[in-house]
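What follows is one structure encoded as structure tokens, with my remarks underneath.
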Amino acid sequence: MFEKSFITDCEGPLTLNDNAFELAVHFIEEGGELFKILSLYDDYLVDIVKKDNYKAGNTLKLVLPFFVCENIKNDDLVNFSQNNIYAVDESKFLLKYLKGAMNTYIVSTSYGQYIEALSNYMDFPFENTFYTKVNVDALSLNDDEIKKVTEFKQKILDNPDDYELFDDIFFNEIPKMGIYDEIKKIDVVGGEGKRLAIDEIIKRDAIDINEILYIGDSITDVEPLEFARKNNGISISFNGNEYPLKVAEIAIVSPSAITTCVIANIYSKTNKANVLKFIGDYNNSDNLSELFDSYEIDLEIKNKFFDIFKDENYPLIEIIDENNFEDILKLSKDMRNNIRGQDIGELG
């Protein structure tokens with residue numbers, strides 16, 4: 001065990017995927033549009049309504065009846081996930097490096113079928129992951145319910161902003177169906193679920209509460225980022241949208257996880273104060289190669305960094321404040337949309 005723990009979201013910092021969105025696109029007619037509408041509704045319930053006992057990322061529960069209408073099984077999720085993993089540049093190297101540097105965990109809202117496929121792809125221990133456990137084989141609808149859910153889908157597509165309609169569908173009509181007994185048992189690992197995972201990691205690793213680095217990119221990462229920052233850990237938004245940028249202390253805007261690796265390398269060997277000092281020096285240096293040497297950045301990490309950014313179009317690494325927030329947000333969202341695609345990039 002190491003004295004520090006590196007905890008990362010999956011989709012965004014490690015992969016370009018939004019697996020649940022991609023599953024919806026692949027298996028459900030007009031599923032991409034349906035998922036985007038439900039994702040905005042999910043954000044609304046979390047950010048505006050602040051609905052009791054509702055977690056960010058519950059889109060993964062809302063969409064399940066529509067998967068069941070298409071007779072999707074666990075094997076479908078597994079096979080699709082295994083064949084559709086798109087990694088952020090050098091994310092596999094990042095996880096490989098971290099094996100010898102810090103206790104490392106993936107804490108993701110994604111379905112477990114995708115996280116297991118990702119763990120195999122990245123050669124990462126599956127036991128060091130947290131995810132949303134869903135057994136779609138246990139979900140079923142009778143013929144009348146399938147007809148109703150199909151009608152609900154069309155109503156949602158025809159009325160994408162009618163949240164009163166959505167409230168009725170998801171909190172009145174679907175709870176009357178047998179499938180709801182199984183859906184309500186599903187514990188989505190998003191928002192507060194991710195923060196609770198951090199509690200378990202701290203206990204498991206027997207580390208001080210301030211010896212954590214958390215990196216995320218979306219609304220499901222707000223609570224763990226707030227927790228890390230409040231307890232004097234490292235909190236990083238990686239190509240994040242407005243939600244993580246509002247609560248994280250550090251922003252990274254980069255097409256490559258090698259940038260994360262630089263920060264992880266410094267933090268693993270020193271402390272938070274040195275990370276913040278490096279960021280200040282990074283933004284005021286006219287010779288980054290010498291700066292990396294002065295901070296004793298691992299030679300392989302340094303070489304990869306300067307090979308990737310050989311045109312000197314260096315990634316953004318900044319401490320977020322009210323003066324630079326809007327500029328960082330624009331650059332971060334542009335990068336997010338550029339490398340992940342606009343459909344995925346604009347999901348909360």
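The values are calculated or read from the model by the stated rules, or taken from the named source; none is laboratory data. Model, not experiment: these values are computed from the prediction. Glycine also receives a Cβ, built like all others from the backbone with ideal geometry; neighbour counts cover every protein chain displayed.
Determine if the range 203-211 includes at least one residue that is part of a loop (DSSP other than H, G, I, E, B), over 21 Å from the mean Cα position of the chain (by Cα) and within 24 Å of Glu33 (Cα to Cα).
No, the range 203-211 contains no residue that is part of a loop (DSSP other than H, G, I, E, B), over 21 Å from the mean Cα position of the chain (by Cα) and within 24 Å of Glu33 (Cα to Cα).
Can you list the helices (runs of 4 or more DSSP H) lying wholly within the range 1-103 that have 1 or more residues being closer than 15 Å to Ile215 by Cβ?
91-98
Inside the range 204-247, can you point out the residues that are of a type in the set (Ser, Thr, Tyr) and closer than 24 Å to Thr270 by Cβ?
Tyr214, Ser235, Ser237
Cβ-Cβ under 6 Å, sequence separation 6+ or interchain: first residue in the range 119-130 and free of Cβ contacts under 8 Å to residues at least 24 places away in the same chain, partner of a type in the set (Phe, Trp, Tyr). Which pairs?
Ser119/Phe126
Looking at the range 311-320, can you tell me whether even one residue there is assigned to a helix (DSSP H, G or I), more than 17 Å from the chain's Cα centre (by Cα) and either at pLDDT below 95 or of a type outside the set (S, T, N, Q) (or both)?
Looking for residues that are assigned to a helix (DSSP H, G or I), more than 17 Å from the chain's Cα centre (by Cα) and either at pLDDT below 95 or of a type outside the set (S, T, N, Q) (or both), one finds none in the range 311-320, hence no.
Residues in the range 215-230: is at least one in a loop (DSSP other than H, G, I, E, B) and out of contact with any Gly (no Cβ under 8 Å at 6 or more places or on another chain)?
No - not one qualifying residue is present in the range 215-230.
Using beta carbons and a limit of 6 Å, which pairs, at least six apart or on different chains, have the first residue in the range 84-107 and farther than 16 Å from Ile258 by Cα and without any contact (Cβ under 8 Å) to a residue 24 or more places away in the chain and the second one outside any strand (DSSP E or B) and small (Gly, Ala, Ser)?
Hits for this filter: zero, empty list.
Kindly indicate the residue of the range 162-184 that is in a loop (DSSP other than H, G, I, E, B) and modelled with pLDDT of 95 or more and also nearest to Lys61 (Cα to Cα) among those meeting that condition.
Here the residue is Ile179.
Could you tell me whether the range 134-149 includes any residue that is among the polar types (S, T, N, Q), in contact (Cβ under 8 Å) with a residue 60 or more places away in the chain and over 26 Å from Glu22 (Cα atoms)?
No, the range 134-149 contains no residue that is among the polar types (S, T, N, Q), in contact (Cβ under 8 Å) with a residue 60 or more places away in the chain and over 26 Å from Glu22 (Cα atoms).
Starting from the range 277-296, take each residue that is touching a residue at least 60 places away in the same chain (Cβ under 8 Å) and list its partners that are assigned to a loop (DSSP other than H, G, I, E, B), counting only C-beta distances under 7 angstrom and pairs at least six apart or across chains.
That search, which allows pairs on different chains as well, returns nothing.
Of all residues in the range 125-159, count the ones that are part of a helix (DSSP H, G or I), exposed (fewer than 14 other Cβ atoms within 10 Å of the Cβ) and under 22 Å from the mean Cα position of the chain (by Cα).
The total comes to 1.
Quick one: how many residues across the range 299-310 are part of a loop (DSSP other than H, G, I, E, B) and surrounded by fewer than 16 Cβ atoms within 10 Å (Cβ to Cβ)?
So the count comes out to 1.
Residues of the range 38-49 being modelled with pLDDT of 90 or more and charged (D, E, K, R), which ones?
The answer is Asp42, Asp43.
Hey, any hits in the range 75-94 for a residue that's farther than 24 Å from Lys55 by Cβ, β-branched (Val, Ile, Thr), buried (at least 17 other Cβ atoms within 10 Å of the Cβ) and in contact with a strand residue (DSSP E or B) (Cβ under 9 Å, 6 or more places away or on another chain)?
So far as the range 75-94 goes, yes, one or more of its residues are farther than 24 Å from Lys55 by Cβ, β-branched (Val, Ile, Thr), buried (at least 17 other Cβ atoms within 10 Å of the Cβ) and in contact with a strand residue (DSSP E or B) (Cβ under 9 Å, 6 or more places away or on another chain).
Working only within the range 196-219, note down all residues that are in contact with a helix residue (DSSP H, G or I) (Cβ under 7 Å, 6 or more places away or on another chain), under 26 Å from Val88 (Cβ atoms) and either modelled with pLDDT under 95 or acidic (Asp, Glu) (or both).
Once the filter is applied, which keeps residues that are in contact with a helix residue (DSSP H, G or I) (Cβ under 7 Å, 6 or more places away or on another chain), under 26 Å from Val88 (Cβ atoms) and either modelled with pLDDT under 95 or acidic (Asp, Glu) (or both), the range 196-219 yields Asp217, Ser218, Ile219.
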